[in-house]
Amino acid sequence: MRVEATSPPAELQLPAAPVVSVVIPLYNSSRHIDATLDSLQAQSFTNWEAILVDDGSTDDTPQRVARFLEDRRFSYVRQPNRGIAAARNRGIQGAQGTWIALLDHDDRWRPEKLARQLDAAARHGWTIVCSDAVVVREGDPARERALYSEYLPEETRLALEHPDDSSADLFALLIRMNFLCASSVLVRRSLFDEHGLLDSGVAPADDYDMWLRCAAHAPIGYVPEPLVEYVLHASNHSWQSIAMRRAAIRVLLRTLERCRGHEARTHACEHSLTVHHAVLFGELLRGGAHFSIAGQACRLARHGVRGLRILRRSWRTKDQVRAGF
């Protein structure tokens, strides 16, 4: 169901198809959604549509978003709860724009976000564009605000900040660490046509899986400005570290199979899988989840000599490695 509303002011009258489709999954979003959508309406670039996909909210989210539907650039659709990947896919399938932007319901954009990224994409020929972000940790005054880029390895940060350096393998760097903050990403709609939609089977790492499927074929760019506020709090996926870790492992095992014959990328996959398993084993061990450790080890062992090598290395380093966030 598409909800149409009154027209915006004359200066915001749009052509038939917007340039950017902003996909916003909602689930019990009442607490944060006003600030998120206010930040979208404040964009200096105005030729966008926003598709709000309510994934079965049980709070007053529909009432909170009602005022935004007075702006005809917004549409609202509701579906039974199927998870974030399914909600994103519903929005992508209905998108009319040349570009797709993901915006999580608790994150916020700087007013120049879309304008900066579209300009950079046009100048460099990028088909995926991300940016730096401010990481906002609710309820943690000691680490309340930090730049997303501060958590990236130096090699990755330098490669992103020097896009004309063709020697950097951004695909291999992306394997080592997901440097694309989801709410910062602007991606060509055509990439979803070519590589498929997000895979709900690997949520909440469905976006990471998508970027890895595209990265070998699509030029990735980076705007080194904090154009997003990326909010971490107790109820969002970013804090569900064990679930996220397991999903990232599934994604990387798939990527490892696709990288056969490419030595550098295979090595990057093994390195990343070792780090993820080391962190996961440490978290499970501290929680006394011994059966979960045994199950994860058995799944890894099914990948033969390579899997056993990753298992051995990750177990040895489980007490030294910690998660970036």
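The values are calculated or read from the model by the stated rules, or taken from the named source; none is laboratory data. Quick caveat: nothing in here was measured; it's all calculated off a predicted structure. Heads up, the Cβs are rebuilt from the backbone with ideal geometry, glycines too, and the neighbour counts pull from every protein chain shown.
For Pro219, indicate whether it is touching a helix residue (DSSP H, G or I) at 6+ places or on another chain (Cβ under 8 Å), farther than 15 Å from Thr127 by Cβ and surrounded by fewer than 21 Cβ atoms within 10 Å (Cβ to Cβ). Considered against the rule, which asks whether it is touching a helix residue (DSSP H, G or I) at 6+ places or on another chain (Cβ under 8 Å), farther than 15 Å from Thr127 by Cβ and surrounded by fewer than 21 Cβ atoms within 10 Å (Cβ to Cβ), Pro219 comes out as no. One residue stands out in the stretch 60-77 among those that are assigned to a helix (DSSP H, G or I) and among the hydrophobic types (A, V, I, L, M, F, W, C): the one that is farthest from Leu186 (Cα to Cα), namely Ala66. Selection of the stretch 53-89 for residues being charged (D, E, K, R), farther than 26 Å from Met244 by Cβ, surrounded by fewer than 18 Cβ atoms within 10 Å (Cβ to Cβ) and touching an Asp or Glu at 6+ places or on another chain (Cβ under 8 Å) yields Arg72, Arg78. Somewhere in the stretch 231-239, is a residue surrounded by 20 or more Cβ atoms within 10 Å (Cβ to Cβ) and over 30 Å from Ala297 (Cβ atoms)? Yes - at least one qualifying residue is present in the stretch 231-239.
Please verify whether Phe291 is farther than 18 Å from Arg176 by Cα, of a type in the set (Phe, Trp, Tyr) and surrounded by 20 or more Cβ atoms within 10 Å (Cβ to Cβ), treating the condition exactly as stated. Considered against the rule, which asks whether it is farther than 18 Å from Arg176 by Cα, of a type in the set (Phe, Trp, Tyr) and surrounded by 20 or more Cβ atoms within 10 Å (Cβ to Cβ), Phe291 comes out as no. Go through the stretch 270-325 and count every residue that is among the small types (Gly, Ala, Ser), farther than 17 Å from Val251 by Cα and within 25 Å of the chain's Cα centre (by Cα). Residues flagged as among the small types (Gly, Ala, Ser), farther than 17 Å from Val251 by Cα and within 25 Å of the chain's Cα centre (by Cα) within the stretch 270-325 amount to 3. For the residues His271, His267, His276, the requirement of being part of a helix (DSSP H, G or I) and either closer than 22 Å to Val135 by Cα or in contact with a strand residue (DSSP E or B) (Cβ under 6 Å, 6 or more places away or on another chain) (or both) singles out His276. Considered as a group, the residues in the stretch 78-106 that are more than 14 Å from the chain's Cα centre (by Cα) and either outside the structural domain of His195 (by TED's automatic domain parsing) or assigned to a strand (DSSP E or B) (or both) include one that is farthest from Ser57 (Cα to Cα), and that residue is Trp99. Here Val135, Val129, Val187 are screened, and the one residue that is in contact with a helix residue (DSSP H, G or I) (Cβ under 7 Å, 6 or more places away or on another chain), assigned to a strand (DSSP E or B) and farther than 13 Å from Tyr230 by Cα is Val129.
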